[in-house]
Structure formats: structure tokens, C-alpha cells
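Contents: one structure, followed by commentary.
The values are calculated or read from the model by the stated rules, or taken from the named source; none is laboratory data. Bear in mind that the values here come from a model prediction, so they are computed numbers and not experimental data. Heads up, the Cβs are rebuilt from the backbone with ideal geometry, glycines too, and the neighbour counts pull from every protein chain shown.
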């Protein structure tokens with residue numbers, strides 16, 4: 001069995017990745033598959049935290065474009081991430097992986113409040129921790145949540161699992177046949193070239209805290225485990241090359 005390259009990681013899942021081909025809602029098959037992949041990583045001895053988006057249910061930006069107050073639309077998006085987090089927790093616990101959901105918005109009936117020290121203790125006990133409700137503040141994306149939580153819990157990497165692309169490209173490969181895939185990038189490259197990897201706030205947080213980001217496709221089974229083991233998949237983004 002290969003030795004994992006990282007001891008503690010944050011896995012960033014887009015909400016759309018949990019929807020499958022439907023593009024909306026939750027796909028039980030996809031959630032089960034993702035949970036199985038996370039179990040494989042936990043069985044390697046890696047401490048795993050997860051941040052899930054909510055775009056399969058609601059996107060705050062869309063609500064804002066509809067004329068809603070941006071803060072209200074973003075709070076709705078945070079609640080969508082809680083729904084996804086509870087679904088993933090259920091799937092993991094069916095596989096006998098102890099899991100805790102910590103929410104940045106207090107809702108004690110369904111999740112623990114986010115407490116950094118408690119999250120770290122869960123991880124040390126080999127429990128999966130799912131960070132829900134974003135940062136608890138509007139105007140911040142779940143990408144920023146992943147970067148912030150990774151810095152707080154001293155994660156060694158962020159694994160960004162995508163459902164529609166297998167790495168970082170110079171342009172959208174679906175619409176631009178000349179798009180080039182990058183194997184390695186710096187965060188300054190991402191910011192200066194305007195690459196759609198994560199928002200600039202998240203990129204800057206990762207750069208300042210020297211947290212590598214690995215972007216890959218979740219559609220290829222086993223990719224999360226490969227990323228943890230240091231296999232060359234997708235694109236890796238670092239502070240410096």
C-alpha cells in the first residue's frame with residue numbers, strides 16, 4: 001500500500017458534483033461513490049475534512065441576479081451547503097466512517113457549531129469533519145471557506161474535486177478547442193491570468209499560507225486517493241514552483 005503524501009487534507013467538493021447528470025439536487029449514487037472514495041483515504045490513515053458547495057440546490061449569485069438582496073441570497077446558499085453536508089455525513093456513516101458536521105451558522109439540532117479546536121480533535125480521532133454553511137458570512141464563497149478552514153486546521157493540501165473538468169486550463173475546454181491544460185501553476189499565475197480555479201480571496205489565502213491546491217476530476221473513480229498518494233493527476237497550484 002502506498003504511503004500517503006499528506007497527513008491532513010481538506011477536500012473541496014462542488015455542489016454540482018453531487019447532482020450527477022441531472023445537474024440539480026442530489027444523486028444517491030454519486031454521494032455513495034464520493035463517500036466510498038473518502039473512506040479509502042481515511043483507511044490510509046489520512047485526516048480528512050470536507051467543504052461542500054451548494055450550487056446543486058441554490059447559488060447566491062443567481063439569487064442576486066434575480067433582484068434578491070445579496071446577503072439574503074448568500075445565506076440561502078449557506079443553508080444549501082448544510083443539506084449537502086448532512087447527506088454526505090449520512091452516506092459516510094453508512095460505511096461506518098465516524099463523521100461530524102460543523103456549521104458556521106448555529107443550528108444545534110442538526111450540526112455542531114464550528115469550533116476550530118474541536119474540529120482538530122475530531123480529526124486527530126480519525127473522524128471526518130464536514131464544514132457546512134460556508135464562513136457564516138455573505139459575499140464569501142465556499143472556495144474561500146476551504147482555504148480558510150485549511151489554514152485554521154493546518155491542513156497540508158486542498159484537494160479540489162471537479163465534476164466538469166480534469167484540471168486547470170487556459171480557457172474553457174468545452175468551448176475553446178485551443179485551451180491548454182496546465183500541470184503546475186503558482187497562485188500568482190492564477191490571479192494574474194484570471195484562471196477560473198477559485199476566487200481571488202481564496203487564492204490569496206492559500207498563497208499567503210503556503211497551502212498547495214490539487215485540482216482534478218471526481219468523475220474518475222479513485223482520483224481522491226491518487227491525489228493523496230501524490231500521483232500526478234490534474235493540476236497542482238503552489239505558492240512557488
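The table below gives the values:
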{"read-out": "Meets criteria (assigned to a helix (DSSP H, G or I), touching a residue at least 60 places away in the same chain (Cβ under 8 Å) and under 22 Å from residue 144 (Cα atoms)) for residue 74", "value": "yes"}
{"read-out": "The stretch 121-134, residues that are out of contact with any strand residue (DSSP E or B) (no Cβ under 6 Å at 6 or more places or on another chain), surrounded by fewer than 22 Cβ atoms within 10 Å (Cβ to Cβ) and under 21 Å from residue 13 (Cβ atoms)", "value": "126"}
{"read-out": "Residue within the stretch 43-59 that is in a helix (DSSP H, G or I) and out of contact with any strand residue (DSSP E or B) (no Cβ under 6 Å at 6 or more places or on another chain) present", "value": "no"}
{"read-out": "Candidate set: the stretch 1-24, residues that are assigned to a loop (DSSP other than H, G, I, E, B) and within 17 Å of residue 218 (Cβ to Cβ); chosen: the one modelled with the lowest pLDDT", "value": "23"}
{"read-out": "The one condition in (1) buried (at least 21 other Cβ atoms within 10 Å of the Cβ); (2) touching a helix residue (DSSP H, G or I) at 6+ places or on another chain (Cβ under 6 Å) that residue 146 fails to fulfil", "value": "(2)"}
{"read-out": "Members of the stretch 43-52 that are over 21 Å from residue 147 (Cα atoms) and touching a residue at least 12 places away in the same chain (Cβ under 8 Å)", "value": "44, 45"}
{"read-out": "Residue in the stretch 106-118 that is nearest to residue 142 (Cα to Cα), counting only those that are surrounded by fewer than 18 Cβ atoms within 10 Å (Cβ to Cβ) and in contact (Cβ under 8 Å) with a residue 24 or more places away in the chain", "value": "116"}
{"read-out": "Test: residue 218 is under 19 Å from the mean Cα position of the chain (by Cα), over 14 Å from residue 10 (Cβ atoms), crowded, with 23+ Cβ neighbours inside 10 Å and touching a residue at least 24 places away in the same chain (Cβ under 8 Å)", "value": "yes"}
{"read-out": "Hits in the stretch 51-63 (condition: more than 16 Å from the chain's Cα centre (by Cα) and under 21 Å from residue 202 (Cα atoms))", "value": "58, 60, 61, 62"}
{"read-out": "Elements of type helices (runs of 4 or more DSSP H) in the stretch 121-214, at least 2 residues being within 22 Å of residue 40 (Cβ to Cβ), under 18 Å from the mean Cα position of the chain (by Cα) and at pLDDT 95 or above", "value": "142-152"}
{"read-out": "From 103, 85, 27, 64, residue being crowded, with 22+ Cβ neighbours inside 10 Å and without any contact (Cβ under 8 Å) to a residue 40 or more places away in the chain", "value": "103"}
